[in-house]
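These notes are about the structure you will find just below.
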Amino acid sequence: MTTSQQPAEATAYWTVGPDHGELRAERLPVPGPGEALVRTLYSGISKGTELVVHHASVPPCVAEQMRAPHQEGIFPWPVKFGYLSVGVVEEGPEDWAGQTVFCLHPHQDRYVVPVSSLTRVPDGVPPRRAVLTGTVETAVNGLWEAGPRLGDRIAVIGAGLVGGMVATLLRTFPLARLQLVDLDPARKELAEALGVDFAHPDDALPDCDIVFHCSASESGLERSLKLVGDEGEIIEMSWYADRRVSLPLGEDFHARRLSIRASQVGAVARARRHRRTNADRLEIAAALLTDPVFDAFLTGTSAFRELPDVVQQLSDGALEALCHVIEYPTTETPR
């Protein structure tokens, strides 16, 4: 095990009030047995959830469940939040030293965590692309929830980061039909890059066996009810935070015996909960990223020092992104 005797300094991004974040300096502990000091190369902004935190909109009733694995502080603020980080192990057990790793850690240039919190980035996965590991994990869990079958007709509503990921994984399944559905015609370009059929909600094909809803909108969920076939299932992957959603459940919802089932990445989907761990799921997600098609989701890069301004631009709508990548100063090439 390689260790230093002096605590390291680090800089981290904190949400310190509604619509306000800043970089703060902090001291790191010396890594103990079974721990690693990681120097960050890239982190990704998970726009949907992180903007909920930025707006201080996490409902108190789920504040504890919403904690990120290495979060500090409590909602609504001040809080250090985030979960898409890729770095290189500078100090730690010999079999980890120098390895490129993914960690569900907030935006921070260096950090100390147990090696059990790290996922090795496979050969053939560039570190920048590896920030998507946590989002691919969400998509894997959604597919485990749904259990798509040979010949299924499937729609994915919402061509954002999560919906696009779900469609990317489904495109290799032997389905009868797969459509990625979104109001924004510009998302057709993403669908083409993924090799998936695109449709406006008004033109999407009905009688689906499964609909994955990922638009985080009331209208999208209502459209899901129209597109799913009799006795079909909607997998709800959106999170509405403190917003209320109304649905027409008094029409043909009961007569058609429709189902809406939540998918949430905090726990392994029930169908695999007794056979796969969270660590297994992350390893699967990381391995899937050898496919360069996932680069379509990396829509911009900014320096770490610019992170507070970048989050505010995303919040204001001045910056459009699927996954905006934050790049950290580095002088070494990871293994």
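Each value in this text was obtained by applying a stated rule to the coordinates, not by laboratory testing. These numbers were taken from a predicted model, which means no experiment stands behind them. Neighbour counts are summed over all protein chains in view; Cβ atoms, including those assigned to glycine, are modelled from backbone coordinates with ideal geometry.
With 10 angstrom as the radius, rank 188, 47, 226 by how many other C-beta atoms surround their C-beta, starting from the fewest. Numbers along the way, then the final one.
On the way: 188 17, 47 20, 226 14.
Ascending number of Cβ neighbours within 10 Å: 226, 188, 47.
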note = Of segment 291-321, those with amide N under 16 Å from the point 7 Å along the Cα→Cβ vector of residue 172 are 291-296
ask   = Local charge sum around residue 231 (other residues, Cβ-Cβ under 14 Å, Lys/Arg +1, Asp/Glu -1)?
value = -1
request  = Take the Cα coordinates of the chain, assign each an equal point scatterer, and use the Debye formula without solvent to give log10 I(q)/I(0) at q = 0.11, 0.14 Å⁻¹.
outcome  = -0.72, -1.13
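With N denoting the number of residues in segment 24-142, provide Rg(C-alpha) divided by 2.2 N^0.38 Å, to two decimal places.
Values: Rg = 14.6 Å, N = 119, 2.2 N^0.38 = 13.5 Å.
Against the empirical 2.2 N^0.38 Å value, I get 1.08 for segment 24-142.
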ask   = Rounded, prolate or oblate: which fits segment 135-272, taking a ≥ b ≥ c as square roots of the Cα gyration tensor eigenvalues, rounded meaning a/c under 1.5, else prolate when a/b beats b/c?
value = rounded
request  = Take the alpha carbon atoms of segment 274-327, find their center, do the same for segment 59-130, and report the distance between the two centers in whole angstrom.
outcome  = 13
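Restricting to DSSP loop positions (anything but H, G, I, E, B) with no more than 15 other Cβ atoms inside 10 Å of their own Cβ, which GluC sites (Glu not before Pro) remain in segment 1-81? Could you put the intermediate results ahead of the total?
Details: sites: 9, 22, 26, 35, 50, 64, 72; in loops: 64.
Hits after loop and neighbour filter: 64.
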request  = Can you tell me how much longer the chain between residue 219 and residue 291 gets when fully stretched, taken as 0.36 nm per residue apart minus their C-alpha distance, in nm with one decimal?
outcome  = 22.7 nm
request  = May I ask you to list the lysines whose Cα is less than 17 Å away from that of residue 80, ignoring any residue fewer than eight positions away on the same chain?
outcome  = 47
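Can you give me the span-like helices of the chain, meaning DSSP H runs with 18 Å or more of Cα extent along the axis and Kyte-Doolittle mean at or above -0.5? Could you put the intermediate results ahead of the total?
Details: long enough: 133-146 (20 Å, 0.11).
Long hydrophobic helices here: 133-146.
Convex hull volume of the Cα atoms in segment 275-335, per residue, in Å³?
Numbers: hull volume 8.7 nm³, N = 61.
Dividing the Cα hull volume of segment 275-335 by its residue count gives 142 Å³.
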ask   = Which aspartates and glutamates does residue 226 reach when only Cα atoms under 16 Å apart count, and residues fewer than 8 places away in its own chain are ignored?
value = 182, 202, 203, 207, 209, 218, 236, 251, 252
key: Net charge, residue 203 excluded, C-beta distance under 13 Å - Lys, Arg +1, Asp, Glu -1   = 0
query = Using the 10 angstrom Cβ neighbour count as an exposure proxy, how do 133, 290 rank, fewest first?
reply = 290, 133
task = Determine the calculated [θ] at 222 nm for the chain from helices alone, applying -39500 (n - 2.57) to every DSSP H run no shorter than 4 residues and normalising by the residue count; nearest 500 deg cm²/dmol.
result = -6500 deg cm²/dmol
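Using a Förster distance of 41 Å, how high is the FRET efficiency between residue 128 and residue 207, based on the Cβ-Cβ distance and rounded to 0.05? Spell out each step's value before the answer.
Values: r = 40 Å, r/R0 = 0.98.
E between residue 128 and residue 207, to the nearest 0.05, is 0.55.
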